[in-house]
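The values are calculated or read from the model by the stated rules, or taken from the named source; none is laboratory data. Keep in mind it's a predicted model, so treat the numbers as computed, not measured. Ideal geometry is used to build each Cβ from the backbone, glycine not excepted, and the neighbour counts take in all protein chains shown.
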Amino acid sequence: MSLFYNGNSPLLFAHRGASTTAPENTISAYTEAIKRGVPALEIDVIR
């Protein structure tokens, strides 16, 4: 995957991971999204 968008296809991001199968913003949700082939994650950083 390139760091630059080439404009040829839609961008797919997993917002808070795969939140339908794991709690949002958890390692489990991120791991599940990656297993499903999602190329990018959008992560909420909470302090």
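Cβ-Cβ contacts under 8 Å between residues 6 or more apart (or on different chains), taken from a first residue in segment 25-47 that is without any contact (Cβ under 8 Å) to a residue 40 or more places away in the chain to a second residue that is in a helix (DSSP H, G or I), are listed as Leu41/Tyr30; Leu41/Ala33; Leu41/Ile34; Ile43/Tyr30.
Just to be sure I understand, how many residues within segment 1-39 are outside any loop (DSSP other than H, G, I, E, B), out of contact with any Gly (no Cβ under 7 Å at 6 or more places or on another chain) and not polar (S, T, N, Q)?
Taking segment 1-39 as the starting set, the residues that turn out to be outside any loop (DSSP other than H, G, I, E, B) are 13-15, 27-35.
Then keep just the ones that are out of contact with any Gly (no Cβ under 7 Å at 6 or more places or on another chain); that gives 13-15, 27-28, 31, 34-35.
Adding the requirement that they be not polar (S, T, N, Q) leaves 13-15, 27, 34-35.
Going through segment 1-39 one residue at a time, the tally reaches 6.
In this structure, Ala33 qualifies as touching a strand residue (DSSP E or B) at 6+ places or on another chain (Cβ under 6 Å), surrounded by 15 or more Cβ atoms within 10 Å (Cβ to Cβ), modelled with pLDDT of 90 or more and on the phi < 0 side of the Ramachandran plot.
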